[in-house]
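Worksheet: the structure to be examined is printed underneath.
Any read-out appearing in this document is the output of simple, stated calculations on the displayed coordinates, not a laboratory observation. Keep in mind it's a predicted model, so treat the numbers as computed, not measured. Heads up, the Cβs are rebuilt from the backbone with ideal geometry, glycines too, and the neighbour counts pull from every protein chain shown.
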Amino acid sequence: QLQLVESGGGLLQAGGSLRLSCAASGRTFSTVAMGWFRQAPGKEREFVAAISWIVSRIYYANSVKGRFTISRVNAKNTVYLQMNSQKPEETAVYYCAAAFGDSETQFPYDYAYWGQGTQVTVSA
């Protein structure tokens, strides 16, 4: 089992920045890919970014490229999501997830473990 706990969510104005953290505990963290997803009310869960444990492999949704940065520190069992220039339509619950393997995939079904989510609200 791998437990994931997100933190860092909150309220910010459009154009602002926020950094989310996801702390992992339990089984080995450093050999699986990690991803961030988000889900707005009434919408499906949406892929945001993913990173393999070989950190040269990173994958972003087109909507966040150039504004968001995913990173991980395996020694701390933590993955981060730096979000800049945020938009009101990006208001959502943000989830981190650990993949079944080391593939930085965009598909939720490739992820075995999920955190409880952290709310990010971007005001206009």
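Would you work out if region 1-45 is rounded, prolate or oblate? Take a ≥ b ≥ c from the square roots of the eigenvalues of the alpha-carbon gyration tensor; rounded if a/c is under 1.5, else prolate when a/b is larger than b/c, oblate otherwise. Cα axes put region 1-45 in the prolate bin. Residue ranges 37-46, 82-91 sort as 82-91, 37-46 when ordered by packing (mean number of other C-beta atoms within 10 Å per residue, highest first). Spatial offset of region 17-51 relative to region 88-116 amounts to 4 Å, using the alpha carbon center of each. On a straight-distance basis, which lysines could pair with K76 in a cross-link, Cα separation under 26 angstrom, same-chain partners fewer than 8 positions away excluded? Output for K76: K65. Each Lys and Arg contributes +1 and each Asp and Glu -1, all at the Cβ; summed about the Cα centre of the chain, the dipole is approximately 240 debye. Nearest 5 percent is fine: what portion of the DSSP beta bridges confined to the chain is antiparallel? Among the beta bridges of the chain, antiparallel pairing accounts for roughly 90 percent.
Here region 1-60 is treated with +1 on each Lys and Arg Cβ and -1 on each Asp and Glu Cβ, and its dipole about the Cα centre works out to around 80 debye.
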